[in-house]
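Chemist: I am attaching a structure below and will ask some questions about it afterwards.
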Amino acid sequence: ELKVRTGAPAAYEVAEEDYQFAKSAEYLRLQENFKLTTQHGMTNPFFTVHEGIMNDRTIINGQEYINFCSYNYIGMSGDPVVVNATRDAVARYGTSVSASRLVSGEKPLHGALERGIADFIGTEAAIVLVGGHSTNETVIGHLFGPGDLILHDSLSHNSIMQGAILSGARRRPFPHNDWRALEKILGEIRHEYRRVLIVVEGVYSMDGDYPDLPQFVEIKKRHKAYLMVDEAHSLGTMGLHGRGMSEHFGINPREVDLWMGTLSKSLGSCGGYIAAQKEIVEYLKYTAPGFVYSVGLSPANAAAALASLNLLQEEPERVARLAENSRLFLRLSKDAGLNTGGSNNTAVVPVITGNSEHALVLSQLLRSRGINVQPILYPAVEERAARLRFFITSNHTPEQIHYTVRAVAEELDSIDPSYRGADRPLP
Ligand code: PMP
């Protein structure tokens, strides 16, 4: 007979931290990270509320700032054409497709968007999923498994690493952008594994540099591996028409097995895509857990991405303006003696301050001069690599860029007079 006893003490001990989250080691560690901010009496730089569209400018607490915190690289989010297309789609199709496209069907927008992405990038087919992060996680996690090898750049985005971990394949990073090191690893251990996936990014979002993609294509061919390129920060920003790294380097897009990208940055929406050969896309559509067991892209998100993709093709001058602005920002920064790391004429320009405190103080001083830029602090990067990270957009004006670089140089002088070298003139 089963008796339910109430009030009897458990016959074993459980530490408080193991059942009260506020006392757990991970929560206390998070609180420790906030100390730098509070010690200096500064405001928390995270979760800033923006009261309008984030573009070259933004409004925080009723005040306007020049903005360098948004991936709205070519101004699609908030563009009237994109907003109107989105509004029409919501009126026509509602706000949700409510279930997986596989079972409950899809809207014409889904097919049109996938066709549009495949044609723009130059692959046979494409599939769109509800998040960029979840696209990497589910696609890498699903396509590869035990007995396979995943070689990824050491600075890979979290979503790539999560996917690799999920897959159960052997995971091994290679030094940042170092195709020679990759080739050496493959020469030594390729034969021990069945399938091999090499993952790189188009433009790296912490540093604004990029890999020598043709070398990676050669290596993947030589070693019979799959190559995946995450174009989160290169689609819409690189190549004359914004087609990304294949256009930048003039390589045949079909030589890369998996082009991955997000809809959240240049395409002003939310979601992720894989553009690839039709067999891969078909397989993912019927089997990838993050697609099969997740809702289809909302009509609003599909319409916003599709309208942005069309506008990008009608107005390639957006990409040209972004490239000009990026070059100007980098040149002025270098002339002013700022440490921009490996940034290489992309829309991402870091200013490395060398420690978290300086990055945090500098961001707050710039805020007081009407500039909004995010500090990247330890542990997001190594302490000596702490930085401010500037995202340039096509909508920034040369005046905004001149004003900003000068302000950065002046404020850095006030924090650390030795930073730029004693007698370097202000820009
Ligand atoms: N890959 C890279 C390289 C990224 O930078 C990001 C997001 N910053 C993602 C994937 C995830 O994209 P999303 O934010 O659209 O989920």
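Chemist: Filter region 2-42 down to residues that are part of a loop (DSSP other than H, G, I, E, B), modelled with pLDDT under 80 and surrounded by 11 or more Cβ atoms within 10 Å (Cβ to Cβ), then give me how many there are.
Modeler: Just the residues of region 2-42 that are part of a loop (DSSP other than H, G, I, E, B), to begin with: 2-15, 19-20, 24, 40-42.
If we keep only those that are modelled with pLDDT under 80 too, we end up with 2-9, 40-42.
With surrounded by 11 or more Cβ atoms within 10 Å (Cβ to Cβ) added as a condition, the list becomes 40, 42.
Residues meeting the conditions: 2.
Chemist: Look through region 121-152, keep the residues that are under 16 Å from the mean Cα position of the chain (by Cα) and crowded, with 23+ Cβ neighbours inside 10 Å, and return whichever of them is farthest from the ligand (Cβ to nearest atom). I'd like the intermediate steps shown before the answer.
Modeler: So in region 121-152, the residues under 16 Å from the mean Cα position of the chain (by Cα) come out as 129-137, 152.
Still in the running and crowded, with 23+ Cβ neighbours inside 10 Å: 129, 135-137, 152.
Values: L129: 10, T135: 7, N136: 6, E137: 9, H152: 11 Å.
Filtering region 121-152 for residues that are under 16 Å from the mean Cα position of the chain (by Cα) and crowded, with 23+ Cβ neighbours inside 10 Å, the one farthest from the ligand (Cβ to nearest atom) comes out as H152.
Chemist: Is there a residue in region 199-210 that is of a type in the set (A, V, I, L, M), surrounded by 22 or more Cβ atoms within 10 Å (Cβ to Cβ) and part of a strand (DSSP E or B)? Talk me through it step by step, then tell me what you get.
Modeler: Of the residues in region 199-210, the ones of a type in the set (A, V, I, L, M) are 199-200, 203, 206.
Narrowing further to those that are surrounded by 22 or more Cβ atoms within 10 Å (Cβ to Cβ): 199-200, 203.
With part of a strand (DSSP E or B) added as a condition, the list becomes 199-200.
Among the residues of region 199-210, at least one is of a type in the set (A, V, I, L, M), surrounded by 22 or more Cβ atoms within 10 Å (Cβ to Cβ) and part of a strand (DSSP E or B), which makes the answer yes.
Chemist: Where the second residue is at pLDDT 95 or above and polar (S, T, N, Q) and the first is more than 10 Å from the ligand (Cβ to nearest atom) and in a loop (DSSP other than H, G, I, E, B) and lies in region 258-287, which pairs have Cβ atoms under 7 Å and are six or more apart or on separate chains?
Modeler: Short answer, once both residue conditions are applied: S266/T237; G268/N72; G268/S77; G268/S308; Q277/T123.
Chemist: For G242, are the conditions met, namely being out of contact with any His (no Cβ under 7 Å at 6 or more places or on another chain), buried (at least 19 other Cβ atoms within 10 Å of the Cβ) and more than 26 Å from S154 (Cβ to Cβ)? It would help to see each step written out before you state the result.
Modeler: Values: out of contact with any His (no Cβ under 7 Å at 6 or more places or on another chain): yes; buried (at least 19 other Cβ atoms within 10 Å of the Cβ): yes; more than 26 Å from S154 (Cβ to Cβ): yes.
It is true that G242 is out of contact with any His (no Cβ under 7 Å at 6 or more places or on another chain), buried (at least 19 other Cβ atoms within 10 Å of the Cβ) and more than 26 Å from S154 (Cβ to Cβ).
Chemist: Now for a different question. So A164 fits all but one of (1) touching a Ser or Thr at 6+ places or on another chain (Cβ under 8 Å); (2) within 16 Å of the ligand (Cβ to nearest atom); (3) within 21 Å of S205 (Cα to Cα); (4) of a type in the set (A, V, I, L, M, F, W, C); what number is the exception?
Modeler: (1)
Chemist: Restricting to region 167-187, count the residues that are outside any loop (DSSP other than H, G, I, E, B) and either within 16 Å of the ligand (Cβ to nearest atom) or touching a Cys at 6+ places or on another chain (Cβ under 6 Å) (or both). Walk me through it before giving the result.
Modeler: In the first step, residues of region 167-187 are kept if they are outside any loop (DSSP other than H, G, I, E, B); the result is 167, 170-174, 179-187.
Filter once more, so that each one left must be either within 16 Å of the ligand (Cβ to nearest atom) or touching a Cys at 6+ places or on another chain (Cβ under 6 Å) (or both): 173.
Residues meeting the conditions: 1.
Each row is one residue, and each column tells you yes or no for (1) touching a Lys or Arg at 6+ places or on another chain (Cβ under 7 Å); (2) among the hydrophobic types (A, V, I, L, M, F, W, C); (3) at positive phi.
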| residue | (1), (2), (3) |
| --- | --- |
| K184 | no, no, no |
| G208 | no, no, yes |
| L235 | no, yes, no |
| G239 | no, no, yes |
| M245 | no, yes, no |
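The values are calculated or read from the model by the stated rules, or taken from the named source; none is laboratory data. All values derive from a computational prediction rather than experimental measurement. Quick reminder, even Gly has a Cβ in these numbers, built from the backbone with ideal geometry, and neighbours come from all protein chains shown.
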